[in-house]
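Asker: Would you mind keeping the following structure in view while I ask a few things?
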Amino acid sequence: MAVCLVRMVSAQNPPEARLLRNDAVFEYGGPTRATYSRSFTILIPDKAHSRYALFSCDVNNGRTKLKSFSGEVTEGSGKPRKLKRSDLEYTEYSDGLADSYGTYYFSPGINSYPATVTYSYEISYTDAVLGMVPFEPLPFASGVSLESATYTLKVPSSDCFSYKALNMPGVEPELSETSDGLIYKWTVSNLPAGVSEPNSPPANERLKVVLFTSSEFSYEGNTGSGKSWKSIGDWIESLSAGLPGPPEELRDKVKSLTEGCATDLEKIGRIYKYLGETTRYVSIQLGLGGLRPLDPGFVFKNKFGDCKALSWYMKSMLDCCGIPSDYVIINMGADALVPDFPSLATTNHAILSVPVQGDTLWIECTDPEVPLGYVHGGIAGNHALVVKKGESYVTRLPWLDSAENTDTLRALVTLNAGGSAQAIVEQTVGGYNWESFHELAKMSSDKRADLVKNGLTVPMATISNLSIDDSPGPKPHCSISYEATASTYASKTGMRLFVPADPFRNYPDRTTKIRNNDLYFKTGWEDNDIITIKIPDGYEVESGERDFVFDNKFGHIEYSMTSPENTGEVTIKLSVRHNPGKFPKEDYEEYRVFRKNIWKVAGGNIVLVRK
């Protein structure tokens with residue numbers, strides 16, 4: 001669905017830009033014909049907010065067209081500058097191999113502020129009406145407030161569409177009737193600017209929006225029903241029903257690959273490995289190719305495809321050895337698919353589902369570095385549509401709990417009387433932590449060392465003998481070991497050494513006094529550290545946190561420091577569990593206490609004194 005918008009960006013500055021009006025009209029003439037028009041005015045107070053005045057509009061060549069465009073720019077106290085269609089730039093540049101989309105764009109080039117910018121345009125749809133353009137009264141996550149917005153939907157009858165309002169309770173449309181059908185009008189006024197804050201819920205859970213779906217839709221002559229996820233699944237299945245099966249050469253290859261396999265899981269593993277070794281991901285959004293997979297013969301010959309093509313290719317290879325699988329559509333990133341509201345607009349990715357040994361493999365076919373059996377963080381926990389003819393259904397992918405996202409660190413530190421130290425460190429991570437360490441494993445040794453050093457709170461440390469053992473799999477983990485040398489590991493003042501409790505973790509407290517958004521943590525995690533410090537001869541522990549336990553809804557902290565007599569050692573144990581979930585902003589003070597207590601123990605000091 002083509003849609004034009006002011007380019008969405010986040011701002012760190014105070015919300016001073018204001019969307020004065022934002023009026024849209026969608027006129028639905030049936031599954032093959034529609035028009036969408038929009039007119040909006042935005043006030044830009046200064047150059048720092050000028051990016052909110054950028055205009056862009058995507059069209060699907062041949063199916064959606066920009067029928068008209070006009071605008072006006074008023075800078076400071078100057079006269080309005082009129083805009084016309086010829087002022088727009090146009091590009092068909094794309095990162096993909098082929099697509100049918102183009103983009104009109106414009107930058108007003110403002111020199112004097114405050115400035116007011118108005119854009120008006122209209123798009124026509126021909127046999128590409130998959131649904132109605134959503135109503136987003138304030139399409140900015142932060143930095144812009146709203147004065148007034150309206151959305152008018154003109155339809156032949158009430159049974160040709162359905163809608164769902166998200167994050168805007170109590171807002172209902174006004175309904176009127178004409179000789180041509182029904183008119184629904186939504187009105188929203190006086191919305192404050194959103195605030196960009198760490199650990200906020202995804203934008204789709206904060207922005208106010210009304211989603212629409214048409215009861216019947218059409219794309220390049222392929223008609224379908226949007227009345228349920230089941231009917232949408234039937235339509236997706238119908239797009240691939242006429243695709244050729246795997247060529248004989250591919251069947252022979254699969255037979256050769258799986259020869260000698262004792263189980264289906266072993267066969268799947270070999271085929272998945274072959275997929276990763278012989279294909280690459282290339283985006284293809286050309287006409288119906290943006291919705292329908294390419295046939296397996298094409299991928300076999302050319303060795304590339306998009307998410308749809310590679311998933312269908314994997315499915316076809318599994319078919320060759322009698323292993324059933326299902327094509328799946330999902331949204332990569334935010335969990336945008338709404339289980340009780342069918343809409344193709346809420347998905348952007350395809351994967352494969354394979355039932356095996358009483359469980360389900362969710363296979364990412366576009367990235368060979370994702371281990372078979374591992375559901376990566378980009379899709380874990382998201383809702384998805386499993387496509388089965390006459391039996392399509394929505395489900396939710398599994399995700400890891402806190403106890404599976406582990407990070408275990410062991411360090412042996414030899415501290416010298418002058419405050420310098422040498423440390424031998426071993427660290428093992430699992431779960432979603434593995435994803436970042438897997439990237440670390442692919443880097444050069446110098447870059448690895450720099451990243452490890454930057455993660456320490458000790459200044460001017462030197463990293464040496466760094467090694468990494470990456471173990472991909474259904475439950476992947478990665479281990480690193482290194483030696484660290486620091487000339488100022490501890491601070492020396494007179495007879496005392498101030499030794500950091502856990503310089504191998506960086507738990508800064510960046511919370512603020514005021515919170516605007518709810519708190520959101522998609523996944524939880526657990527860190528467990530044991531640090532043994534060999535203290536210099538003639539020194540003993542004078543002070544430092546000995547035992548600390550804290551627990552609230554955000555997590556659990558457990559810390560201990562022991563220094564047995566006559567051992568010359570101090571042992572620090574720190575365990576932190578951070579819980580996942582969505583928490584109301586009213587709980588923010590509890591979160592602040594949780595974060596401050598982590599830093600209290602991890603960032604604290606042990607004081608050694610000369611005997």
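Asker: Using only helices, what value at 222 nm comes out for the chain when you add -39,500 (n - 2.57) per DSSP H run of length 4 or more and divide by the total residues, to the nearest 500 deg cm²/dmol? Each step should come with its number before you reach the end.
Answerer: On the way: 8 runs with 94 residues, N = 611.
Result for the chain, helices only: -4500 deg cm²/dmol.
Asker: Quick one: dipole size for the chain, taken about the Cα centre, charges +1 on Lys/Arg Cβ and -1 on Asp/Glu Cβ, in debye to the nearest 20. Mind dumping the intermediate values first?
Answerer: On the way: 63 positive and 75 negative charges, 261 e Å.
So the dipole magnitude of the chain works out to roughly 1260 debye.
Asker: Still on this structure: Report, largest value first, the span of the C-alpha coordinates of the range 444-526 along each principal axis, in whole Å.
Answerer: Projected onto its principal axes, the Cα set of the range 444-526 covers 47, 41, 21 Å.
Asker: Would you kindly state how much longer the chain becomes between Asp367 and Met495 on full extension, computed as 0.36 nm times their sequence separation minus their alpha carbon distance, in nm to one decimal?
Answerer: Details: separation 128, 0.36 × 128 = 46.08 nm, distance 5.69 nm.
Residue separation times 0.36 nm, minus the Cα-Cα distance, leaves 40.4 nm.
Asker: Quick one: how many Å² of Ser145 are accessible to a 1.4 Å probe, rounded to 10?
Answerer: Rounded to the nearest 10, that gives 20 Å².
Asker: A follow-up question, please. Express the accessible area of the chain per residue in Å², computed with a 1.4 Å probe while the remaining protein chains stay in the model.
Answerer: Numbers: 27700 Å² over 611 residues.
For the chain, the per-residue accessible area is 45 Å².
Asker: Can you tally the net charge around His376? Count Lys and Arg as +1, Asp and Glu as -1, for every other residue whose Cβ sits under 10 Å from the Cβ of His376.
Answerer: Charge balance near His376 sits at -4.
Asker: So if I restrict to the alpha-carbon atoms in the range 540-611, what is the Rg, and what is Dmax, the biggest pairwise distance, in Å?
Answerer: Expressed in Å, the Cα Rg and Dmax of the range 540-611 come to 15.4, 51.
Asker: Another question, if that's okay. Quick one, can you get me the convex hull of the C-alpha atoms of the chain expressed as volume per residue in Å³? Before the final figure, lay out the partial values.
Answerer: Working: hull volume 118.5 nm³, N = 611.
Given the Cα convex hull of the chain, per-residue volume reads 194 Å³.
Asker: What nm distance separates the two modelled labels at Val171 and Ser77, each placed 7 Å from Cα along Cα→Cβ?
Answerer: The two pseudo-label positions are separated by 3.7 nm.
Asker: How high is the FRET efficiency between Leu54 and Thr126 when r is their beta carbon distance and R₀ equals 35 Å, given to the nearest 0.05?
Answerer: 0.80
Asker: Below 14 angstrom from the Cβ of Ala336, what's the summed charge of the other residues (Lys, Arg +1; Asp, Glu -1)? Let's see the in-between values first.
Answerer: Working: positive: Lys164, Arg206, Arg396, Lys522; negative: Glu136, Glu205, Asp335, Asp340.
So the surrounding residues net to 0.
Asker: When you count, for each residue, the other Cβ atoms within 10 Å and take the mean per peptide, how do 238-246, 602-610, 250-258 rank with the highest first?
Answerer: Details: 238-246: 13.8, 602-610: 18.8, 250-258: 16.2.
The densest-packed peptide leads the list: 602-610, 250-258, 238-246.
Asker: Related question: Along the Cα→Cβ direction, 7 angstrom out, place labels at Ser39 and Ser238. What is the inter-label distance in nm?
Answerer: 3.9 nm
Asker: Using only the alpha-carbon atoms, how far is helix 229-241 inclined from the longest principal axis of the chain? Give it as 0 to 90 degrees, nearest 10.
Answerer: The answer is roughly 80 degrees.
Asker: Now for a different question. List, in the order given, every pair from Lys267/Lys303; Lys230/Lys253; Lys47/Lys82; Lys154/Lys388 whose Cα-Cα distance in the structure shown is over 24 Å.
Answerer: Working: Lys267/Lys303 20 Å; Lys230/Lys253 35 Å; Lys47/Lys82 21 Å; Lys154/Lys388 34 Å.
Those over the limit are Lys230/Lys253; Lys154/Lys388.
Asker: Using a 1.4 Å probe over the heavy atoms of the protein chains, calculate the carbon and sulfur portion of the accessible area of the chain as a whole percent.
Answerer: On the way: 13570 of 27700 Å².
Ligands and nucleic acids excluded, carbon and sulfur reach 49 percent.
Asker: What share of all Cα pairs of the range 428-569, in percent, falls into each consecutive 10 Å distance bin?
Answerer: For the range 428-569, the pair-distance distribution reads 8, 29, 33, 24, 5, 0.
Asker: Lysines near Lys585 by alpha-carbon distance under 29 Å, same-chain residues fewer than 8 away left out - which ones?
Answerer: Output for Lys585: Lys164, Lys208, Lys513, Lys522, Lys553, Lys596, Lys600.
Asker: Could you give the nm distance between label points at Val549 and Asp252, where each point is 7 Å from its Cα heading toward the beta carbon?
Answerer: Inter-label distance under the simple model: 6.9 nm.
Asker: Work out the FRET efficiency for Arg410 and Arg280 from their Cβ-Cβ distance, taking R0 = 35 Å, and round it to the nearest 0.05. Could you put the intermediate results ahead of the total?
Answerer: Values: r = 39 Å, r/R0 = 1.12.
Once the sixth-power term is evaluated, E becomes 0.35.
Asker: Wrap a convex hull around the Cα atoms of the range 282-424, take a quarter of its surface area, and give that in square nanometres. Could you put the intermediate results ahead of the total?
Answerer: Numbers: hull surface 56.1 nm².
So the mean shadow area of the Cα hull is 14.0 nm².
Asker: Here's something else I'd like to know. Report Rg (one decimal) and Dmax (nearest whole number) for the range 17-144, counting Cα atoms only, units Å.
Answerer: Both quantities, over Cα of the range 17-144: 15.8, 47 Å.
Asker: If I fit a long axis through the Cα atoms of helix 445-454 and take the longest principal axis of the Cα atoms of the chain, what angle between them do I get, 0 to 90°, rounded to 10?
Answerer: On a 0 to 90 degree scale, this one is about 80.
The values are calculated or read from the model by the stated rules, or taken from the named source; none is laboratory data. Since we're looking at a predicted model, the values are computed, not measured. Virtual Cβ from ideal backbone geometry, glycine too; neighbours counted across all protein chains shown. With ligands, DNA and RNA removed, areas are computed over all heavy atoms of the protein, side chains included. Shrake-Rupley method; radii C 1.70, N 1.55, O 1.52, S 1.80 Å.
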